[in-house]
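Before any comments, here is the structure.
The values are calculated or read from the model by the stated rules, or taken from the named source; none is laboratory data. Computed from a predicted structure; not experimentally measured. Don't worry about glycine lacking a Cβ; one is built from the backbone with ideal geometry, like all the others, and counts go over all protein chains shown.
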4 protein chains.
Amino acid sequence: MVNFCQFGAGRIGQIHAANLNANARASLRYVVDVHEPAAKQLTEQFGGTVSDTGTALADPELDAVVIASSTDTHADLMERAAKAGKAIFCEKPIDLDMKRVEACLKTVADAGVPLMIGFNRRFDPNFLALKAGVRAGRVGTVELLNITSRDPAPPPIEYIKVSGGLFRDMMIHDLDLARWFLGEEPVEVFASASCLVDPKIGDAGDIDTAVVTLKTGSGKLCQIGNSRRAVYGYDQRIEIFGSAGMLQAGNRMPTTVVHSGPDGVTGDKPYHFFLERYPEAYRSELDHFIDCVEKGVAPEPSGADGRAALALADAAQQSFDSGRPVSL
Amino acid sequence: MVNFCQFGAGRIGQIHAANLNANARASLRYVVDVHEPAAKQLTEQFGGTVSDTGTALADPELDAVVIASSTDTHADLMERAAKAGKAIFCEKPIDLDMKRVEACLKTVADAGVPLMIGFNRRFDPNFLALKAGVRAGRVGTVELLNITSRDPAPPPIEYIKVSGGLFRDMMIHDLDLARWFLGEEPVEVFASASCLVDPKIGDAGDIDTAVVTLKTGSGKLCQIGNSRRAVYGYDQRIEIFGSAGMLQAGNRMPTTVVHSGPDGVTGDKPYHFFLERYPEAYRSELDHFIDCVEKGVAPEPSGADGRAALALADAAQQSFDSGRPVSL
Amino acid sequence: MVNFCQFGAGRIGQIHAANLNANARASLRYVVDVHEPAAKQLTEQFGGTVSDTGTALADPELDAVVIASSTDTHADLMERAAKAGKAIFCEKPIDLDMKRVEACLKTVADAGVPLMIGFNRRFDPNFLALKAGVRAGRVGTVELLNITSRDPAPPPIEYIKVSGGLFRDMMIHDLDLARWFLGEEPVEVFASASCLVDPKIGDAGDIDTAVVTLKTGSGKLCQIGNSRRAVYGYDQRIEIFGSAGMLQAGNRMPTTVVHSGPDGVTGDKPYHFFLERYPEAYRSELDHFIDCVEKGVAPEPSGADGRAALALADAAQQSFDSGRPVSL
Amino acid sequence: MVNFCQFGAGRIGQIHAANLNANARASLRYVVDVHEPAAKQLTEQFGGTVSDTGTALADPELDAVVIASSTDTHADLMERAAKAGKAIFCEKPIDLDMKRVEACLKTVADAGVPLMIGFNRRFDPNFLALKAGVRAGRVGTVELLNITSRDPAPPPIEYIKVSGGLFRDMMIHDLDLARWFLGEEPVEVFASASCLVDPKIGDAGDIDTAVVTLKTGSGKLCQIGNSRRAVYGYDQRIEIFGSAGMLQAGNRMPTTVVHSGPDGVTGDKPYHFFLERYPEAYRSELDHFIDCVEKGVAPEPSGADGRAALALADAAQQSFDSGRPVSL
């Protein structure tokens, strides 16, 4: 049994608390949130007691923390948890500033506690099957990777302003997947982007439509495409092409029902957004983390993975800003 | 909160116990099984205490029972539960003998307790969406209904011998769905069947491959096809055709991953069997039952639905035996 | 080079004339039609001269005839062509009366000329691939066959009245395919049918919605479903299930274009009707016939196939009329 | 009736000659090829007489030419045909050298003859339906365009050496489609590419795997991906995403047949290569050209389209060579 304190009782926090509650090997002991009523509601639904950071981390029986609070609190909480000797599961990103990330990772490494970054998509059953297929040689040598990732609708402008920008906030997931599927590090990043969805996003200094090209040392190529708005729902597809064939993971639909009528043959549109699309992934990533804590092995995606994805996002931003490809 | 006693700790019992355990409005108070170690294991996993029928039903705080024991115990347990004033959720079939069914339903009706029969497929998200589509007029007037239902592999011959035969054991699910989707009662049943999968099934007096044609009073037609063995997994599809179009619910696959290679484009085969194919249905049917018990409304599928499906299965058997269509 | 006379310049006649014109091994020498302007138009488009039956058949350089005139003229023309020593390609059916069919086939057999019946669907690339798959053992032993065949809209009532009824006019194609795919003869036919599409069809003594069950000597089962009206177009699907798997041939769509929008994911509906759905089949069947004439081998589907399909249609009609299965 | 001289009797020449022969409004009067036996064979199959350039162009009854000879002859033949006042259908590319292209187009413009470039893919029924969908507003404002184009296997190294490189030889088709679908001109091109399929291609100074990013003046983004080898056949897909939804044109398969077995659900792989994939496109483009010649209107894709696609291919090559995006 792994005893948890969870930081953050917002939307993503609710998912993690529900999964901790349902996991027979986890116990949700504390919930901490700056907005206490939110923390209270979570404990009522999923157990545990409302607490504060100091009290929670001082509990010698506490084994691990889930950090699902706002991005600007991640690094501090990680460092405090690390110093208290707790295993850390932290939502992406570690921080929006690379120097802060590196300092934080050093503190965690010095403390010797396990650290896992919540790149949930690696745990999606479709993408896991894709990875298994690549490992089994079904595409041979990977040559081209295409990642499509489009949100149903943009977040509020207030969120956009503190998000770190599309590359660090949204595409970072795809950049992590790219590293995972390519199996080697990109050495060049080129980004092209526009503000096409909502001019207010442009006014806030960000873009809402972006494509990125990655190239690895051995010449593998990757194309990523993002949009902040897809009227048909959350569009999450991956295509891997290689010397022996192609593997594709398509969108998931709520049902298999298809209607044939005078206007065509119509099936469901994809699930609306991440809560509906990735429930198993959220469940499995925590399960993997608990597994690692219990067995004393290093979880994946690691802090180094979190850093590497941010480095790619930074490079994409820099490429967009400069209009040139960036070498890594 | 609805307090439950569950009868039966076998394969289907495990599903129900897990769903009771996970349901915030249910409490699994007792588990009864002739094989006590199985009951014990269930209580260890999902709560409650091992008990016997008399003790459990005597508990005034017990609200409801789930009957998931062997078929030959269903009617007796239903009657005892009814007399004890408990709400009843019973796996299909009520009994293999129509007279026994009718006597049992009378006892339940006299006791005035809620009764629901576990035709789980009505709660499958795909079939629910199909039904919603029919209700919304997406096919207009229903004219033709096609139900395909094939198991991955036949059950043991020992099970076949006490199963009541393919029509009562396997096709009864499809017959229930046919009534549900047709929206009116069949008035004629014709069955044609063969033993093609395993001659031992024929030796046991049963068939393993069967097709049935139903006709309703207004002339709607339904075709059902069953096989005890499909090498590609559990094949569960429904097609509804009418004046305004067609709705189809296809099989569900574990992932959306598709491979393109020299030998073609290959996706997942369907889920292996009912445990993998219908988890939401098992969860939802119990949830509906709990809802009805809490609100004091009559659950569906009702005892009358259980009786009607058995009547169709009996008619199919009689048609097959006589070689002629049977009028109802 | 095979010299042809074509009887009939209607809709189906236009297809055959166009295919004869485009076939490098065929020459369309004569066109005969009771309505001379139609014949004239055909010759202007596709070559040949307008003629009459006697003159055309008296030409010693004429090798073959295509009979695409109205059904009631088929048998007479076949007999005259046979006596004149011409190879015969005749649209289905040979005749609506079994005795007339048998007499006609005897005359043709006595004359020793090649005879092919235009069951075009056997030449559809999808169904050919299906047949090749069955032959290659991809389904193992065939156990269940499902044939769906629905027209976009009913023909005029005047046509219905002389059509011989749905079983002989429409389902006869599916009955021929059933024999072809089952690979053995049905020994029992059961039909159930209704008039659901248009009451005028019922007033004309026919039905518009029908299902048939066939059983072969070895116990293979076949389900056929017909409707005279599908609002989404021509619905032509075949599914073959056996000990080693399943093969399905789905509908063909004009394009692969798919739209994703707020209301779902929508692709093309199937081709509208037989002219759009089966162009290759019409082309290939004539090509096969020309091949056989040139090589002196017997074409397929043969006159015996035409007779056997009619026998099944007759049995289906008799089953529907009597309400009982009919043994063959 | 439009009288044609065709230059080139190779693989692509055979397609055009067959289509001219089958087109009721075209007459193939001459065939010219440096390899006379090839020309002879074509005339035997599809009509016309073997001739030489001077004789053919001197015929006052000759209306038009089809230039399907090797790339290095295109510009000369276009100029000679233009000066002789003949309408010109020329296979892509006009020439591999932009200056030569511009000079040639000036000569053609001065002569005032119609000129059409054979970007056949614009006439594929799927892509035409895609374009019609975009025009009808089904995607709203186009924001992201994805073009996948992969050949089944690389051409011979000898061909690679004179091809002008992947961008000018292969991707030029996709660049033309990009302009057509984007509806506005790219202002920036970035290319990344590798030699992953065959090191001999690298030795010949070319690449075999390439991705390109285009950006238009209004900020629309386009991603193109090419490979010289796809083991599952010719991969030709387009996806258009915009403010109101997404349209996708998938690959075309020979049949709709699908097999379900223990290893999954398997359908056909795509058609092998361009001859099988684009027969209607080759037919339709010539039909459009004949239409334009008869009606005296300007055909599309025009010489300017040919020039613009080459300019993009040149920019892609330059981007790859320099490692930087190229502005247009």
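Miscellaneous remarks
The rows are residues; the columns are (1) at pLDDT 95 or above; (2) aromatic (Phe, Trp, Tyr); (3) assigned by TED's automatic domain parsing to the domain that holds A:Ile12; (4) under 30 Å from A:Leu312 (Cβ atoms).
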position: A:Asp33; (1), (2), (3), (4): yes, no, yes, no
position: A:Val65; (1), (2), (3), (4): yes, no, yes, yes
position: A:Leu77; (1), (2), (3), (4): yes, no, yes, yes
position: A:Cys104; (1), (2), (3), (4): yes, no, yes, yes
position: A:Gly133; (1), (2), (3), (4): yes, no, no, yes
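- Take the conditions (1) assigned to a helix (DSSP H, G or I); (2) in contact with a Gly (Cβ under 7 Å, 6 or more places away or on another chain); C:Ser69 misses just one of them, which is (1).
- Any chance B:Gly250 is in contact with a strand residue (DSSP E or B) (Cβ under 9 Å, 6 or more places away or on another chain), within 7 Å of chain A (Cβ to nearest Cβ) and surrounded by fewer than 21 Cβ atoms within 10 Å (Cβ to Cβ): yes
- Some residue of the range C:270-280 being surrounded by 21 or more Cβ atoms within 10 Å (Cβ to Cβ), more than 30 Å from B:Ser322 (Cβ to Cβ) and not basic (Lys, Arg): yes
- Some residue of the range B:29-38 being touching a helix residue (DSSP H, G or I) at 6+ places or on another chain (Cβ under 6 Å) and among the hydroxyl-bearing types (Ser, Thr, Tyr): yes
- Sole exception among (1) facing chain C (nearest Cβ under 10 Å); (2) assigned to a helix (DSSP H, G or I) for B:Trp180, by number: (1)
- Number of the exception - A:Val34 against (1) assigned to a helix (DSSP H, G or I); (2) surrounded by fewer than 22 Cβ atoms within 10 Å (Cβ to Cβ): (1)
- Looking only at residues of the range B:215-229 that are surrounded by fewer than 22 Cβ atoms within 10 Å (Cβ to Cβ) and more than 7 Å from every other protein chain (Cβ to nearest Cβ), we find that the one that is nearest to C:Arg228 (Cα to Cα) is B:Ser218.
- Whether a residue is within 14 Å of chain B (Cβ to nearest Cβ) and in contact (Cβ under 8 Å) with a residue 12 or more places away in the chain was assessed, and A:Asp305 does not pass this test.
- Subset of the range A:230-245 [at the interface with chain D (Cβ under 8 Å from one of its Cβ atoms) and of a type in the set (Phe, Trp, Tyr)]: A:Tyr232, A:Phe241
- Residue within the range B:268-287 that is facing another protein chain (nearest Cβ under 7 Å) and not hydroxyl-bearing (Ser, Thr, Tyr) present: yes
- Among the residues of the range C:46-79, those identified as free of Cβ contacts under 8 Å to residues at least 60 places away in the same chain and in contact with a helix residue (DSSP H, G or I) (Cβ under 7 Å, 6 or more places away or on another chain) are C:Phe46, C:Gly47, C:Thr49, C:Val50, C:Thr53, C:Leu57, C:Leu62, C:Ala75, C:Met78, C:Glu79.
- Checking A:Leu144 against (1) under 20 Å from the mean Cα position of the chain (by Cα); (2) under 21 Å from D:Thr213 (Cα atoms), the condition it does not meet: (1)
- Tally, over the range C:129-165, of residues that are surrounded by fewer than 22 Cβ atoms within 10 Å (Cβ to Cβ), under 22 Å from C:Tyr278 (Cβ atoms), within 13 Å of chain D (Cβ to nearest Cβ) and touching a residue at least 12 places away in the same chain (Cβ under 8 Å): 4
- Evaluating A:Ile207 against the criteria (1) over 21 Å from D:Glu239 (Cα atoms); (2) away from chain D (no Cβ under 11 Å); (3) hydrophobic (A, V, I, L, M, F, W, C); (4) assigned to a loop (DSSP other than H, G, I, E, B) leaves one unmet condition, (2).
- Taken over the range A:108-120, the criterion of being crowded, with 17+ Cβ neighbours inside 10 Å and either of a type in the set (A, V, I, L, M, F, W, C) or in contact with a Leu (Cβ under 6 Å, 6 or more places away or on another chain) (or both) is satisfied by A:Val108, A:Ala111, A:Val113, A:Leu115, A:Met116, A:Ile117, A:Phe119.
- Residue within the range C:180-188 that is charged (D, E, K, R), within 23 Å of B:Val187 (Cα to Cα) and in contact (Cβ under 8 Å) with a residue 12 or more places away in the chain present: yes
- Flag if B:Leu57 is hydrophobic (A, V, I, L, M, F, W, C), closer than 13 Å to B:Lys86 by Cβ, in a loop (DSSP other than H, G, I, E, B) and at pLDDT 95 or above: no
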